[in-house]
Every structure is written in C-alpha cells, then in structure tokens.
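The values are calculated or read from the model by the stated rules, or taken from the named source; none is laboratory data. As the structure is a computational prediction, the values presented were derived from the model and not from experiment. Backbone-built Cβ (ideal geometry, glycine too); neighbour counts: all protein chains shown. The area values use the complete protein model at the heavy-atom level, side chains included, leaving out ligands, DNA and RNA. Shrake-Rupley method; radii C 1.70, N 1.55, O 1.52, S 1.80 Å.
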Amino acid sequence: MYKKVKMNYMKLVLPTAAALLVLAVVLMLITGFGIRYGLMTSVPVENIPAEELQGACAQIRTTQIEGSFARSGHITQEEADEQGVDVDIVERYCMVQLEDGTYLGVHIWGKDELYNVEKLGAAIEQFGLDEAQTMDFGVMRGTVNKMPEELYTIFCAWGDEYISSELEGKEYEDVLLPLMLDINYYGPFTQGLTITITVIAIILAVLALALLVSTFTGLWDKPVCAEMKKVGKAELEAEFKESAEFAGKLYLGKKHIWCFQRFATDIFHTADVIWAYARSRRLEGGKLTWYLVMKTVDKREYSVHLGEPANVQAAEEKLKTLVKPLCTGFDKEKQKLYDKDISTFRARTKNGTI
C-alpha cells in the first residue's frame with residue numbers, strides 16, 4: 001500500500017520537476033545567460049581588443065557616433081512625406097570608428113538614447129562637429145553582437161558611398177566590422193526581455209526544487225503516514241490488500257477508503273461516508289468522463305476519477321455494502337439538506353425519506 005502511495009506521486013513529481021528544471025535551463029541558454037551582463041562593468045569600446053569585441057559588455061560616448069546608416073520608424077519616409085509629418089524614429093543604426101580605423105555598428109533605441117543622439121545632431125548643426133564633440137551627451141552601454149546580414153548589407157552600401165577610399169583594395173570585413181553594439185542589451189536580447197526570461201526561469205527552477213523538497217519531506221504521503229501511526233502499518237497494509245479496487249484509483253476497505261489523486265493520496269474512514277453519487281464532465285470532442293463523489297459526515301468531499309460509468313456504478317454498489325445506510329444519487333434537495341442539517345440528512349437517509 002505505502003509503495004503504491006509513494007509511486008503515485010513520485011511518477012508525477014519527479015518528471016514534472018525535471019521538466020521544469022530543463023525548461024529553466026533552456027530559457028537561460030536562449031538568453032546566453034545574459035543576466036550576467038547586468039553584473040558586469042561596461043568597458044569603453046576603444047579599449048577592447050578586436051578579437052574580444054563580440055559578446056563584450058561595452059560602452060561609447062554619444063559624441064563618438066559618426067552618423068547613421070539606417071533607421072526605422074512607425075511609418076516609412078514616403079508615408080511621412082505624403083502626410084506632411086516627421087518620421088517618429090524608434091531605432092537608429094549608427095557607426096563609430098575605432099582606434100584601428102575599423103567601423104563598428106551601433107544599434108540605438110530607447111527614448112533617452114535617441115533624444116541624446118538628436119541633441120548631438122542639433123549641436124553639430126549649430127556649433128560644428130569639433131565643438132559638439134566636446135559636449136557631454138551621455139554614455140550608452142550594451143552588448144556587442146553579430147550584425148544581422150540584412151543590416152550588414154546596408155552597412156556595406158553606406159561604406160561604398162561615404163568611405164570608398166578606405167575600402168579600396170580591402171575586404172569589407174577588414175574595415176566594416178560585421179558586429180554591432182546593441183545599446184541596452186544584455187547579451188542577444190534587450191535588458192527588459194532578458195530580465196523577464198530570467199525571472200521566469202528562476203520561478204520554474206524554484207517550483208522544481210519545491211516539488212523535490214515536498215517529495216523528500218513526505219508532503220504527499222502525509223495523510224497516509226499519519227493514519228499508519230494511529231492504526232499500525234501492518235494492519236493498514238493488510239486492509240489495503242483486501243480492499244476492492246476500482247480503476248486503480250479508488251480502494252474501498254472495511255475501515256478505510258483510499259483515493260489516489262494526481263499527486264496526493266486521500267485516506268479517510270469508510271464509516272464517515274454518508275452520501276455518494278456519480279458526476280460527469282464533458283471532455284473535448286464531447287465525450288463524458290465520470291467521477292465518484294463521496295461526502296462525509298464532517299462535510300468533506302472526495303471526488304475520484306474513474307473514467308467509465310460502469311466503474312462508478314460498481315464502486316457505488318460496493319460502497320453500499322460497506323456503509324449502511326448510504327444516500328446515493330444527486331439532487332438539489334439533498335444538497336440543501338446536507339449543507340443545512342447533517343443530522344436530519346442522516347435520519348432521512350436511515351428511514352428512506354430522502
């Protein structure tokens with residue numbers, strides 16, 4: 001009996017905990033454990049060796065930006081021209097020149113960062129490039145990631161138009177790095193998304209650990225263990241062996257009833273049951289599945305899934321031989337009386353007037 005009780009939850013708890021842990025690890029791998037970037041100190045991009053750029057936690061001064069090669073907004077430039085409005089820029093793709101003469105893409109998004117870039121542009125127009133570069137428009141931080149191919153094609157087209165002399169006789173990748181500093185990114189994702197995924201992963205891991213702890217602390221077999229202490233393990237095991245089994249989930253004994261639920265196992269005294277009836281639930285596709293509901297003298301309800309109506313009928317018939325008198329069948333009058341007055345309910349069950 002105790003072995004079945006233990007296996008009842010072990011066969012669900014352990015796979016569920018394992019699945020939760022695996023999912024947590026997969027989520028962290030998807031982010032590249034990007035949350036670690038939140039604990040790292042960003043390094044000025046010019047101080048990072050070229051071979052260590054990809055994946056680096058880097059920063060640039062806004063004044064290092066040397067223009068844009070692409071941008072995106074809520075509407076296209078053509079639509080903006082037709083409507084006579086400005087494009088609401090939500091992302092800019094800029095570049096900075098590193099000390100070795102190569103160019104690194106910079107993906108800028110975020111209200112504050114875009115505003116600072118606009119202020120830099122306005123300062124250049126008003127005061128000139130040299131003076132504007134002496135001003136402070138803040139620092140931007142992020143992660144250096146591989147630039148998407150589509151963007152790199154646009155980046156190369158910008159190079160052909162504006163720095164063709166620097167590209168002459170060289171491979172594009174020797175001058176235009178296929179890398180991009182993603183501002184406000186933790187690894188391959190934005191800070192917000194990385195934090196959200198990490199929190200979900202931590203919650204899943206905590207749930208998995210909680211399930212494992214509950215297993216080893218005996219949470220799921222606590223009711224059965226408590227009853228074994230009262231009546232003795234040998235006696236309870238003997239009764240379980242002689243009990244009537246229904247669908248492997250319900251065991252009706254002379255003194256005890258066992259209901260094997262999804263995780264826990266309910267155990268209660270057979271004599272406490274005063275009302276039993278069938279309950280159905282419609283599954284997807286229209287098929288009905290059946291439960292036996294047992295209500296006790298202390299107003300507890302136990303529902304066990306037996307699947308087929310024949311199983312429910314057989315269990316109810318067996319229960320009638322163990323509990324006398326037993327009220328069977330459901331109607332609203334019985335429910336009202338049960339909720340209102342247990343004594344009258346039992347009396348009317350005994351004299352057959354309910």
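Annotation: aspartates and glutamates with alpha-carbon distance below 13 angstrom to Lys340 (same-chain offsets under eight excluded): Asp298.
Only one residue of Met40, Leu14, Ala58 has its Cα farthest out toward the positive end of the dipole of the chain, where Lys and Arg carry +1 and Asp and Glu -1 on Cβ, and that residue is Leu14. Taken about its Cα centre, the chain carries a charge dipole of about 5700 debye when Lys and Arg each add +1 at the Cβ and Asp and Glu each add -1 at the Cβ. Partner aspartates and glutamates whose Cα lies under 19 Å from the Cα of Lys229, excluding those fewer than 8 positions away in the same chain, are identified as Asp221, Glu237, Glu239, Asp266. Dividing the mean sequence gap of close Cα pairs (under 8 Å, 6+ apart) by how many residues the chain holds gives a relative contact order of 17 percent. Basic side chains Lys and Arg get +1 at the Cβ, acidic Asp and Glu get -1 at the Cβ, and with that the dipole of the range 297-354 about its Cα centre reaches some 300 debye. Taking Lys and Arg as +1 and Asp and Glu as -1, the other residues whose beta-carbon sits under 15 Å from that of Lys350 total +4.
Cross-link pairs exceeding 29 Å in C-alpha to C-alpha distance, out of Lys254/Lys334; Lys4/Lys334; Lys255/Lys299, comprise Lys4/Lys334. Over the chain, DSSP H runs of length four or greater, each weighted -39,500 (n - 2.57), average out per residue to a 222 nm ellipticity of -14000 deg cm²/dmol. A protection proxy built from the mean count of other Cβ atoms within 10 Å ranks the segments 336-345, 297-306, most packed first, as 297-306, 336-345. Projecting the Cα atoms of Gly286, Ala276, Thr265 onto the dipole axis of the range 228-296, where Lys and Arg carry +1 and Asp and Glu carry -1 at the beta carbon, places Gly286 farthest toward the positive end.
Pairs exceeding 21 Å between alpha-carbon atoms, taken from Lys230/Lys350; Lys295/Lys350; Lys230/Lys320; Lys249/Lys324: Lys230/Lys350; Lys230/Lys320; Lys249/Lys324.
Working from the Cα coordinates of the range 160-207, the gyration tensor eigenvalues give, after taking √(5λ), semi-axes of 42, 10, 5 Å in decreasing order. For Thr190, the solvent-accessible surface with a 1.4 Å probe is about 40 Å², rounded to the nearest 10.
Rolling a 1.4 Å probe over the protein heavy atoms gives the chain an accessible area of 57 Å² per residue.
Judged by the gyration tensor of its Cα atoms, with axes a ≥ b ≥ c, the range 244-300 is prolate; a/c meets the 1.5 cut and a/b is the larger of a/b and b/c. Once you sort the root eigenvalues of the Cα gyration tensor of the range 141-247 as a ≥ b ≥ c, which label holds: rounded (a/c under 1.5), prolate (a/b larger than b/c) or oblate (the other case)? Because a/c hits 1.5 or more and a/b exceeds b/c, the range 141-247 counts as prolate.
Here the relative contact order of the range 125-273, from alpha carbon pairs under 8 Å that lie six or more residues apart, stands at 15 percent. Between Val206 and Arg71, the contour length at 0.36 nm per residue exceeds the alpha carbon distance by 44.4 nm. Each Lys or Arg adds one and each Asp or Glu takes one away; over the other residues whose Cβ falls under 11 Å from the Cβ of Lys249, this sums to 0.
Ranked by the mean number of other Cβ atoms within 10 Å of their residues, highest first, the peptides 97-108, 323-334 fall in the order 97-108, 323-334. Against the compact-protein benchmark of 2.2 N^0.38 Å, the Cα-based radius of gyration of the range 236-354 scales to 1.06. Taking the Kirkwood radius as Rh and the Cα radius of gyration as Rg, the range 267-328 has a ratio of Rg/Rh equal to 1.01. Of interest is the spacing of the C-alpha centroids, which for the range 54-73 and the range 228-279 amounts to 69 Å. Expressed to the nearest 5 percent, the antiparallel share of DSSP beta bridges inside the range 231-341 is 95 percent.
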